[in-house]
Structure formats: C-alpha cells, structure tokens
Amino acid sequence: MDIDTAIPSLIPEDTIFSDFLILDQSVKGRRLVYLDNAATTQKPLPVLLATRHYYEAINSNIHRGTHHLARTATEEHEKARIRVARHLNAATADEVIFTSGTTGGINLVADILALSGRIGPGDEILISTLEHHSNIVPWQMCCQKTGASLKVIPCHDDGTLDQDAFEKLLGPKTKVLALTWVSNAFGTVNPVAQMVHLAKEAGALVLIDAAQAAPHFPIDVQALGADFLAFSGHKLYAPTGIGVLWGRADLLGELPPWQGGGEMIKEVSFEKTTYNDLPFKYEAGTPHIEGAIGLAAALDYVDDIGMDAIHEHENVLIRTAADGLSRIPGMRFFGPDDRSGSLSFLIDGIHHYDLGTLLDQMGVAVRTGHHCCQPLMARFGITGTVRASFALYNTPADVEALVESTEKAVSMLR
Ligand code: PLP
C-alpha cells in the first residue's frame, strides 16, 4: 500500500534510535514496530540517564536527612514536583501529589471522598461507558462504602458519549463525575471542558482520568476547571510506578488523609496524630524518588518537542493508518474519526487475538483484548479489539508496516 512517506517523522530517525534504544532491535527477524503505546511508552535516554544518575550519585531517602545526599535527593524530588506543576499549569506545586499511577490517584480520591462523609445513601457517582476499569471499580467500592449509586453515561455507536443523556443524568444527587478525557480502548476524545462545566454547575466534584490525554496533548488544569486529575508517568515516557494526582489545594486541604505512615504526619503520639500539610499529607511512606526525577526528565523531553507538535504528528499517523487499513475488506473501526492516540479495529471473521499473534510474528507490537474496558466491550457486543496506539517516535514507516502486515495476516487467516 502507498503510505505518504512525505509525512515527516517528528524526530529524525537516527535520533529515535539513539534516544529510544529499545526500539533499535529486531523481533523475529524484522525491525520492531512498537504500537502498544497506550499500554506503556518507551523511555528516552535522558529519562534513563536521570534515573541512573539518581542511583549513581544521589540515592538517599528524602525529607528528613541532614546529610548531603539526603538534601540533594530531596531537592531533586521537590524540583520534579515543581516541574510537574509547571507542565500542568497548576496554581501551586502543593497541588501535585505523587502516586503510583492513574489507578493510585483515582483510588486515593474515591477513598478520601468516601471517608469524608461528603457522599451518602441516595447520592450518585457518574462515570461513562468509556471508562477503564481503574475509573470504574474504585467508584463501585466507594458506592459500597457510602450507599451511593453508580450511574453511567451511555455512548453512541460511534464511540462518543451521549451528551443529552449526560445532561439528563446530571442533577442535585450527582456528587462526583469521574470521566476519562481520552478512551484508551477507542481513542475517543471527550469534550471535557464542556462536561466539566456542566457538572460543576450541577454542584458535582469532577475527576478527570488523563492517563491517555497526558501523553498526547497539553493540559492546563486551571483552564479545565476540574477538581482532580490523574495520570501515569509510564504512559508519558517516564518510569513505571510513578504517577500524579493533581487536586485543588483548598479541597485537598479539607479532605481527610488517606494512607497513614511516615511523611504524612506532623506529630504522632499514642493518643493523637496530627497530619502534614499538602502535598505530604497524601504521600505516606518512602516515595518513588527516582520515578519522580525520571518523570521530570520525561516532561523536559516532551516539552522540548512541544505537546502540540506531538499531538499533530500522532494524529497524522493515526489518520494515515486508518486510511490504509480501511481498504481491507471487512474492516470495522471503533471510535470516531477524530480519535487520539489509539486506533481500534476488528476484521470480519478474524479473532483479535489471532491477528495480534500474527502481527507479532511480523515484528509489529499491538495490543488485543478488552483493554481493561469490559463494560465497553459488552456495550458493543464484542470480546475485544486490535489496538494500534501511537507515540512521538512512531513514523510513517511504522504505519506502513502495520498496514502491510495486517493485510498479510488477513490473507493468511482467511
Ligand atoms: N485510565 C486509562 C484511560 C488508562 O488507559 C489506564 C491504563 O491503561 C489507566 C487508567 C490505568 O493506568 P495505570 O495502570 O498506569 O494506573
């Protein structure tokens, strides 16, 4: 098939291979084509070097040490927090809580809201059909603890949310709207600005799951107007095990602490404990110090390229891939045409797992299955899809490999 190779790569090919060392390898005798970026991204050399430098030069536990290493590690960790705050345009770095990832951030919020007494029997928590299990199960658990009920915004056949139904579901009983910005399964981009606005007017608290938004476009939490936003470092070129929960300082200041332990206290006696200020109130125990430092290096990397440029580059690749794949008979895409990050599809008569396995034989890494969105798959009457998901280092040649390998696999499976 003809892929428009006039589309430039975002970064020169030799830079891709020198920055993302893992991509410079063959799988089954073919160049590795990595299109599983919605699951996790590869890490550029500056991120690897930052974490290596941490262990080679400054490894120490942070915050309470008086010695040189402890002070240096603390400074680097807190500089990382400021770096994240700048990336998100947060009002203050105290609003940046380091977590283990998006899942950690959402569980934190669901638990403290349940503990706070702000949610009770008869109240409603609103999520959408597009949610990842990480933005479903914590709210089901929150409902079990509080007696609230879970309501779900339905979606249309094109994988966009039904906005009329959303407006009807919103009401005085809605205490929380927990919504993904971008669907990891279908690539649908929700109109979050408008939905946040309506939910806030209805008096609800709003949490945005930005796991699939943060890698693809700029985020301005002050402009967005939500109360909480969570994302994972590993989907944004940073190490695994580090993530961010951003929350409005006034709100987090009022809400109860979550896990108990070191760091989150001011004073402890057997009779009474007083809690630390933000952000430490929500960071019990030794944090993922090198993860935070690696995340800051990843943000430097993407901001040097520019989030808008990354967004535009990936969109061109996705559209080109959809064009090429659409020529395969029996092709069915999920999600709207203006999707972001992920391209999900099925081909008549072919199981997603079989196609994914054959693509792997040809060096093309895609993900198959339910993508942790079983209720969404049930809504469409399917067990899973094939998902190709894109990152800044993907090239037109990767798209060509995806399309050609899929054509070949289909001819073998039919
Ligand atoms: N939300 C969305 C939309 C996701 O895509 C994912 C991961 O794929 C998550 C939440 C959970 O992220 P993590 O496993 O990094 O906590």
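The values are calculated or read from the model by the stated rules, or taken from the named source; none is laboratory data. Model, not experiment: these values are computed from the prediction. Counting neighbours? That spans all protein chains shown, and the Cβs are built from the backbone with ideal geometry, glycine included. Please note that ligands, DNA and RNA were not included when accessible areas were found on the heavy atoms of the full protein model with its side chains. Shrake-Rupley method; radii C 1.70, N 1.55, O 1.52, S 1.80 Å.
If you filter the stretch 5-26 down to residues that are modelled with pLDDT of 95 or more and of a type in the set (A, V, I, L, M, F, W, C), you find that the one that is farthest from the ligand (Cβ to nearest atom) is L21.
Here's the yes/no breakdown for (1) assigned by TED's automatic domain parsing to the domain that holds V386; (2) within 19 Å of N394 (Cβ to Cβ):
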residue	(1), (2)
E13	yes, yes
F17	yes, yes
L21	yes, yes
D24	yes, yes
A38	no, yes
N59	no, no
R64	no, no
H77	no, no
A85	no, no
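Only one of the listed residues (R379, R387, R339) is touching a residue at least 12 places away in the same chain (Cβ under 8 Å) and open to solvent by 30 Å² or more (accessible area, probe 1.4 Å). That residue is R379. The stretch 88-199 holds strands (runs of 3 or more DSSP E) entirely within its bounds, and those carrying 2 or more residues that are within 16 Å of the ligand (Cβ to nearest atom) and open to solvent by 10 Å² or more (accessible area, probe 1.4 Å) map to 96-99. Which of the residues belonging to the stretch 212-261 are of a type outside the set (F, W, Y) and part of a strand (DSSP E or B)? Hits for the stretch 212-261 are L229, A230, S232, G243, V244, L245, G247. Please enumerate the residues belonging to the stretch 359-376 that are within 12 Å of E131 (Cβ to Cβ) and open to solvent by less than 20 Å² (accessible area, probe 1.4 Å). H371, C373, L376 - these are the residues of the stretch 359-376 that are within 12 Å of E131 (Cβ to Cβ) and open to solvent by less than 20 Å² (accessible area, probe 1.4 Å).
Somewhere in the stretch 39-46, is a residue more than 16 Å from the ligand (Cβ to nearest atom) and farther than 26 Å from L343 by Cα? Checking the stretch 39-46: at least one residue is more than 16 Å from the ligand (Cβ to nearest atom) and farther than 26 Å from L343 by Cα.
As for the stretch 232-239, it holds no residue that is more than 17 Å from the chain's Cα centre (by Cα) and surrounded by fewer than 24 Cβ atoms within 10 Å (Cβ to Cβ).
When the residues of the stretch 49-76 are filtered to those that are in contact (Cβ under 8 Å) with a residue 40 or more places away in the chain and among the hydrophobic types (A, V, I, L, M, F, W, C), which remaining residue is surrounded by the fewest Cβ atoms within 10 Å (Cβ to Cβ)? The residue in question is L49. The set of residues in the stretch 262-282 that are crowded, with 21+ Cβ neighbours inside 10 Å and part of a loop (DSSP other than H, G, I, E, B) contains only P279. Whenever a residue of the stretch 100-114 is over 18 Å from T240 (Cβ atoms), its partners that are modelled with pLDDT of 95 or more and among the charged types (D, E, K, R), lying with C-beta atoms within less than 6 angstrom and at least six residues away or across chains, give the pairs A114/K145. Residues in the stretch 227-272 that are on the phi < 0 side of the Ramachandran plot, away from the ligand (no atom under 16 Å from the Cβ) and among the small types (G, A, S): G247, A249, G253, G260, G262, S269.
Results for (1) closer than 28 Å to I153 by Cα; (2) more than 16 Å from the ligand (Cβ to nearest atom); (3) not charged (D, E, K, R), shown as yes or no for each residue.
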| position | (1), (2), (3) |
| --- | --- |
| R319 | yes, yes, no |
| P336 | yes, yes, yes |
| M362 | no, yes, yes |
| A388 | yes, no, yes |
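Among residues of the stretch 209-238 that are under 16 Å from A297 (Cβ atoms), those with a beta-carbon under 6 Å from a residue that is assigned to a loop (DSSP other than H, G, I, E, B) and charged (D, E, K, R) at least six positions away or on a different chain give the pairs Y237/K43. Taken together, the residues in the stretch 28-38 that are open to solvent by less than 30 Å² (accessible area, probe 1.4 Å) and more than 16 Å from the ligand (Cβ to nearest atom) amount to 2. Residues that are of a type outside the set (F, W, Y), under 17 Å from H313 (Cα atoms) and not in a helix (DSSP H, G or I) within the stretch 385-414 comprise A388, S389, A391, L392, N394, T395, listed in sequence order.
The single condition among (1) closer than 24 Å to L21 by Cα; (2) buried (at least 18 other Cβ atoms within 10 Å of the Cβ); (3) polar (S, T, N, Q) that T320 does not satisfy is (1).
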